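Notes to accompany the following structure.
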Amino acid sequence: MTTPKTFGQQLGRRSWAEPWKIKMVEPLTMTERPQREAALTAAGYNTFLLRSRDVYIDLLTDSGTSAMSDRQWAGMMLGDEAYAGSENYYHLEAAVQQYYGYKYLVPTHQGRGAEHLISRSAIKPGQYVPGNMYFTTTRLHQEMAGGIFVDVIGDVAHDPQDRSPFKGDIDISKLDALVAKEGAAKIAYISLAATVNMAGGQPVSMANVKALRAWCDTHGVKLYLDATRAVENAYFIQEREEGYADWGVADILRDFCGYTDGAWMSAKKDSLVNIGGWVAVNEWELFEEMRNLVVVFEGLHTYGGLAGRDMEAMAIGIKESVQDAYIRARIGQVRYLGMLLEEWGIPMMEPVGGHAIFLDARRFYPQLTQDDFPAQTLAAELYLDSGIRAMERGIVSAGRDPKTGDHHRPKLELTRLTIPRRVYTQAHMDVVAESVKAVFDARERVRGLTMTYEPKYLRFFQARFEPKA
Ligand SMILES: *Cc1c(COP(=O)(O)O)cnc(C)c1O
């Protein structure tokens, strides 16, 4: 008889576990397949349109879905709901200054509110905004401000099987080419995302941000960071980049941000809150412009569309998010799911990134063309199999080219299983892995989807589909 081995032992190491325990639970709904078929039909085969009560394990997004700590809930009770000068605003300002290092803070209700402010303030119509792969709301706000997005991520990011450690890095020769063609004055700023969501949660190296800083200084261009998952990025630097193994994640984060001129943030991700965001910069004039605009679009500059209690929870969440034991367990859980799927030969984006598993729908369904919406199809099949909710990150999310009206056709056609922070257990991950395996085993009979309704903006949220006969 063989002794059963824990997963850690199979990997030849001692197991670790989460540095927290569960104090309160939320019951989940279990459904049967006929119920799920009815729910998915009513939702137009779009997982965004499902009611959450019909979902068992919700891996739609890691945005605003984290479990807050008892400290954060206690902080909620300390909400200072003054219209102006709330105490909680000053706590948040201090946390951002301490952990991210920027001087001037404007709170916003969430990330896109911050993207709106910085895009409007820092882009002149007709200017280019080079970025390391697009993010949906980021690019749209840049375009609505008159900017032209240019993808300058390294080519390896578009290859789901390339195992490079820092697939989020910007290819500086692509920036050189842009300057040679258009001139540095036509660049609004470099839009650097850490980690790169659409590339599979892939990190940016410290070497790359240092090189970008030098490049920006040479050309007189600003460098702004999408800091939404910069803590997860810092963990990858600690783990993979030479010279950082002895650094704490908090120190790496602060150092990384120090090479940039400012950042915007969706605190609904790294910062462990259900709502909130900010934009922070070191330059007074830009700050003044955004502090003025926030009053028009979000609320006064000491609350930015948030309640005082939300800002308090965010300030506490920032501190919790940079604790080494926490971030290791967070990324370790994502990696655990990744290892199970890898063992079973499931095609996915590799290496596994920080916040999600990205299944490679092109290799999953080789019989489908991109016009059959393979990643959308895979999300639908997963829901039907087990009530797990995933999200499309492929041709539907990419939207249409504003000039030609054609679909953007991204190389990557991915279905994202996004892991909320501090919410699900290892047993939930086992259930997810087994469901993906079942859908993979049944892949040959799948025919794809037709789009029956397409909204104008960010169509992936509200589009409707029908299965092909
Ligand atoms: C979620 C997200 C945003 C937008 O933030 P919201 O809080 O959803 O408005 C911007 N950038 C990245 C990388 C994100 O993941």
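The values are calculated or read from the model by the stated rules, or taken from the named source; none is laboratory data. Being a predicted model, the structure only gives us computed values, none of them experimental. Please note: Cβ atoms are built from the backbone with ideal geometry, for glycine as well, and neighbour counts cover all protein chains shown. When the accessible area is computed, the model is the full protein with side chains, heavy atoms only, and any ligands, DNA or RNA have been set aside. Shrake-Rupley method; radii C 1.70, N 1.55, O 1.52, S 1.80 Å.
Normalised by the number of residues in region 70-321, the mean separation of alpha-carbon contacts (under 8 Å, six or more apart) gives a relative contact order of 32 percent.
In this structure the chain gives 42 Å² per residue of accessible area when probed at 1.4 Å with all protein chains present. If the label point is 7 Å along Cα→Cβ of Arg447, which residues in region 36-65 have backbone nitrogen under 17 Å from it? Taking a point 7 Å out along Cα→Cβ of Arg447, the residues of region 36-65 whose backbone N falls under 17 Å are 41, 45.
In this structure, the pairs whose alpha-carbon distance is over 23 Å, taken from Lys103/Lys319; Lys181/Lys222; Lys181/Lys456, are Lys181/Lys456.
Largest to smallest in accessible area, the residues Ile331, Ile22 fall in the order Ile22, Ile331 (1.4 Å probe, all protein chains included).
For region 296-310, the Karplus equation 6.51 cos²θ - 1.76 cosθ + 1.60, evaluated at θ = phi - 60°, returns couplings of 6, 9, 10, x, 4, 5, 9, 9, x, x, 10, 7, x, 5, 5 Hz by residue, with Gly and Pro reported as x. For region 377-391, putting each phi into the Karplus relation 6.51 cos²θ - 1.76 cosθ + 1.60 with θ = phi - 60° gives couplings of 4, 5, 4, 5, 5, 5, 4, 4, 5, 9, x, 7, 9, 10, 9 Hz, in residue order, rounded to whole numbers and with x for Gly and Pro.
The mean sequence distance of close C-alpha pairs (under 8 Å, at least 6 residues apart), as a share of the length of the chain, puts its relative contact order at 23 percent.
Each other residue within a Cβ distance under 13 Å of Glu26 adds +1 if Lys or Arg and -1 if Asp or Glu, for a net charge of +2. Along region 412-424 the Karplus relation, 6.51 cos²θ - 1.76 cosθ + 1.60 evaluated at θ = phi - 60°, assigns HN-Hα couplings of 8, 10, 10, 10, 9, 9, 9, 9, x, 7, 6, 10, 9 Hz to successive residues, with x for each Gly and Pro. Where the accessible area of the chain is counted over protein heavy atoms with a 1.4 Å probe, how much of it, in %, is carbon and sulfur? Percent of accessible area from carbon and sulfur atoms in the chain: 52.
Here region 272-318 is treated with +1 on each Lys and Arg Cβ and -1 on each Asp and Glu Cβ, and its dipole about the Cα centre works out to around 220 debye.
Among Gly345, Leu60, Ser397, which residue has its Cα positioned farthest towards the positive end of the charge dipole of the chain, with +1 placed on the Cβ of Lys and Arg, -1 on the Cβ of Asp and Glu, and the dipole taken about the Cα centre? Of Gly345, Leu60, Ser397, it is Gly345. A cut-off of 5 Å between modelled amide H atoms, ignoring neighbours fewer than 5 places along the same chain, links His355 with no other residue. Helix-only arithmetic for the chain: the sum of -39500 (n - 2.57) across DSSP H runs with n ≥ 4, divided by the residue total, places the mean residue ellipticity at 222 nm at -12000 deg cm²/dmol.
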